[in-house]
Amino acid sequence: MPEQVVFGMEVFLNGLMAGVLYALVALGFVLIYKASGIFNYAQGVMALFSAMTLVGVMNGQVPFSHLINAIFGTEIHHFGWHLPALAGILLTMGIMVILAWLVQKVIFKHLVNQAPIILFMATIGLAYFMEGFGDLMWGGEIKKLDVGIPQGINLWIDETTFNIFDYGFFIDNLDIFATVVAIFLVFALVAFAQYTKQGRAMRAVADDHQAALSVGVSLNFIWVMVWSLAGFVALIAGIMWGTKSGVQFSLSLIALKALPVLMLGGFTSIPGAIVGGLIIGVGEKMFEFLVGPLIGGATENWFAYVLALLFLVFRPQGLFGEKIIERV
Amino acid sequence: MLDQAEAYLTADGRQIGPVVMEMKNITLRFGGVEAIKDISFDIREGEIRAIIGPNGAGKSSMLNVISGFYVPQEGEVFYKGEPRAHMKPYEVARQGIARTFQNIALFEGMSVLDNVMTGRLIHMKANLFSQALWRGKAEHEEIANREVAEKIIDFLEIQAIRKTSVSRLPYGLKKRVELARALVAEPSLLLLDEPMAGMNVEEKEDMSRFILDVNDEFGTTIALIEHDMGVVMDLSDRVVVMDYGKKIGDGTPDEVRNNQDVIDAYLGVSHD
């Protein structure tokens, strides 16, 4: 097989893997949008915050230690323990649930039935607040996150492909792991939304508040649940991205990469987030590989947005989103 | 007025039981506006109870008090003999009070069947994981719930549109789906907010028939609001008449029809 084709296959595979990571972030957006019509700008920051919290909790860091030390002149930094990854993740999830409850209690409970733009602005405020709050709580330096996910080149794939094509594919173990987790997550979320009482209640709330109340659904409970779920997805995304590139501020910017994914997949579809992510991931890698050299490269930065723009023009509801029909 | 005997039979042989819900001296204000002024009445088990009155009489406010959407400033609500604490609407629903809405509140994104199934939410007890995996208790529960839903769907003659998205249905059918969703919860009290509003004569007749059948077949206690006098008089066992937030009449349709205050409220009275 010609070398270019084999190389193209490797690019394709890597694109798929990158797409999965985009999709993980997009999922969080879809969940909240589906259940409350809120476009949650803070989703990326939630991923950052959860990753920071996870690192802090695992290392036994004292929250707000800088603040405490500055006020009281003390020198405390660590509790002096190290938690295993699983315990750290569970504890962090607990914190994300508390956060979800607070977000609902303090902000969105008071904004029921407000215009979408107001809810959107509130999430922008939330994003900046959480960014600063996270820094204050855990410190702003770049942190290393290691929860024991395998990393580095997958030797088996390298060897097998070398035997077949005479060229070893470079596939990162972390990417493979993230893909497996994402697939599992999607099945779990779809099963949850379609088959469980809470999932059905969630869809009911998304559709009509009054009607949901009349069949015995507590709006508050569902919203806290949805924000917790979004926190959970943010935590998973935070773990994957944090392991890949360190826990740092730029993590919150992956939210911007999720936007074109949502345009493609539709804001209301869980499978759409995955397919959209894969298309963007593969699309930008293949475009760079095939067209990039002809026009001087660096297409990865804008390809996703141009694709999203095309979708906005020709299919605004995305691939899987609900069609917007206005009756006149 | 009816006597306060515990139970009696109607002319057509239906059993009317003890009082299910009692409203005692209810007053509801919105700022300075008194929407309901010191109203008392009761609803008995198995009866069809109507609340009627001209536009703006406070009928819908009354229904919203019963269903917990509004909390009255004064007065007490007794449900099954117990004074009802201030409850959230979803708690009221879980106590067995189902309702429909004047301007239809359905889940537009779901099919008819899914809409009806949401009415069973309060009856689902299995845990999250068995539900997601559809195993064990959840499986039996889902099948049992589905059976109830299908029975009601058959009963209201909407089998043909079971899988249709609600957003594509005409008005009359939407009303019927909403009724199905309320019924499937097997409520001990069913509240209907203007079930016939905006319907043509044929649809009104269908709806009247369904309301009577529901009451007859399942023995469901029904409280309904209407401003179409004719329909109400044919349907209900007892009628409360409201005007400007006050109760001006209460009794059987015949008693109400001959009540001078009611006639004045509906036909108008000269103030000279």
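Label zone of B:Q102 (point 7 Å out along Cα→Cβ, amide N under 11 Å): in the stretch B:217-259 this covers B:225-227. Close amide H pairs (under 5 Å, H built 1.01 Å from N) link B:A35 with B:L28, B:R29, B:F30, residues at least 5 positions away or on another chain.
Its convex hull of Cα atoms gives chain B a direction-averaged projected area, equal to a quarter of the hull surface, of 16.5 nm².
In whole angstrom, the stretch B:97-186 maps to an equivalent ellipsoid with semi-axes of 24, 13, 12, each derived as √(5λ) from the alpha carbon gyration tensor and ordered largest first. For the residues of B:179-189, the average number of beta carbons from a partner chain within 10 Å of their own beta carbon is 1.
Per-residue shielding of B:120-132, expressed as the average number of other chain Cβ atoms within 10 Å of the residue Cβ, stands at 5.
Taken one residue at a time, the phi angles of the stretch A:239-253 give Karplus couplings (6.51, -1.76, 1.60, θ = phi - 60°) of 5, 5, 5, x, 5, 5, 10, x, 7, 8, 3, 4, 4, 5, 7 Hz. Gly and Pro are set to x. Rounded to the nearest 0.05, what FRET efficiency do B:Q15 and A:V190 have when you use their Cβ-Cβ distance and R0 = 45 Å? The value I calculate is 0.40. With a simple spin-label model that places each label point 7 Å from the Cα along the Cα-to-Cβ direction, the separation between A:F64 and B:A197 comes to 5.1 nm. Volume per residue for the stretch A:3-314 equals 159 cubic angstrom (convex hull of Cα atoms). Gap in Å between the Cα centre of the stretch A:225-257 and the Cα centre of the stretch A:41-107? Taking the Cα centre of the stretch A:225-257 as reference, the centre of the stretch A:41-107 is 14 Å away.
Taking N as the residue count of the protein assembly as shown, its C-alpha radius of gyration divided by 2.2 N^0.38 Å amounts to 1.20. In order along the stretch A:225-234, phi translates into HN-Hα couplings of 4, 5, 5, 5, 4, 4, x, 5, 5, 4 Hz, rounded to whole numbers, per the Karplus curve 6.51 cos²θ - 1.76 cosθ + 1.60 with θ = phi - 60° and x for Gly and Pro. Comparing Cα centroids, the stretch B:125-180 and the stretch A:185-208 end up 15 angstrom apart. Each helix, a run of at least 4 DSSP H residues, gives -39500 (n - 2.57); summed and divided by the residues of chain B, these come to -10500 deg cm²/dmol at 222 nm.
For an R0 of 35 angstrom, estimate the FRET efficiency from the Cβ-Cβ distance between B:F129 and A:H110 and round to the nearest 0.05. Provide the component values of the computation, followed by the final result.
Details: r = 34 Å, r/R0 = 0.97.
Efficiency computed from Cβ-Cβ geometry: 0.55.
Enclosing the Cα atoms of the stretch A:233-277 in their convex hull gives a volume equal to 70 cubic angstrom per residue. Against the main long axis of the alpha-carbon atoms of chain B, helix B:201-218 sits at an angle near 70°.
Per residue, how big is the convex hull around the C-alpha atoms of the stretch A:79-171? Give it to me in cubic angstrom, could you?
Dividing the Cα hull volume of the stretch A:79-171 by its residues yields 199 Å³.
Placing a label point 7 Å from the Cα of A:Q248 along the Cα-to-Cβ line, the residues of the stretch A:133-177 whose backbone N sits under 19 Å from it are A:134-136, A:138-147, A:152.
Only the coordinates and a few stated rules stand behind these numbers; no lab work does. This structure is a prediction, so every number in the text was calculated from the model and none was measured. Note that we place each Cβ from the backbone using ideal geometry, even for glycine, and neighbour counts take in every protein chain shown.
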